[in-house]
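The values are calculated or read from the model by the stated rules, or taken from the named source; none is laboratory data. No experiment lies behind these values; they were computed from the predicted model shown. Because the Cβ atoms are built from the backbone with ideal geometry, glycine has one as well, and the counts that use them run over all protein chains shown.
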Amino acid sequence: MPLQATEFFAELCLPFHDHTVVGNTYFAAPSPNAPLKLRIDFTRTIHANTYGGLRVAVVHPDRGEIDAVALSFLDHGTFHRRDEARNALRDSSQYGTFDEYHRPGRPPWDGAVTTGLRDAIEQYTAVWFPGAWTAAPRDRTSGHTPHQLPTPPASPTAGRSR
């Protein structure tokens, strides 16, 4: 069964205007004229067809992957409500994950709360693409208010006090 990645990333409501989903991978150009791009994939677990988070990578067209971070669904509370409602145990192989099998008419990631993931992706990309979403970000329908991320200091010592 398909992951319905396009719908998952649409629900994630990332603020990047220039983006596309190819297969199960999200690609974005957070800064339109910069060579660096963003790639987001689902991370697999040791269980077949089961996913435990997202892998966010910064990619350069000539040098390849520059940096990456794994964001687990468990650490970002993505399925906390769903799993608590199911009385799932923390040591269960299904806790904080989803698999490709699901109820008809429902996405495989049904019950996901994506606010924590979205915030983590925005924080990570702010390091690599400072000021990337100073233009009007997308309207977020999940009740999460758009915000401008702080710009990092110009130099490593600029933000330090003595």
Are any of the residues in the stretch 76-93 modelled with pLDDT of 85 or more and part of a loop (DSSP other than H, G, I, E, B)?
no
Restricting attention to the stretch 1-47, the residues that are within 12 Å of the chain's Cα centre (by Cα) and of a type in the set (S, T, N, Q) number exactly 2
Take the stretch 113-135 and flag every residue that is at pLDDT below 90, surrounded by fewer than 20 Cβ atoms within 10 Å (Cβ to Cβ) and not β-branched (Val, Ile, Thr).
Gly116, Pro130, Gly131, Ala135
Determine the pairs where a residue that is closer than 16 Å to Arg55 by Cα, located within the stretch 113-132, has a partner that is assigned to a helix (DSSP H, G or I) and not hydrophobic (A, V, I, L, M, F, W, C) with Cβ atoms under 7 Å apart, the partner being 6 or more residues away or on another chain.
Thr114/Glu11
Taking the stretch 1-50 as the region of interest, how many residues are under 18 Å from Ala120 (Cα atoms) and among the β-branched types (Val, Ile, Thr)?
3
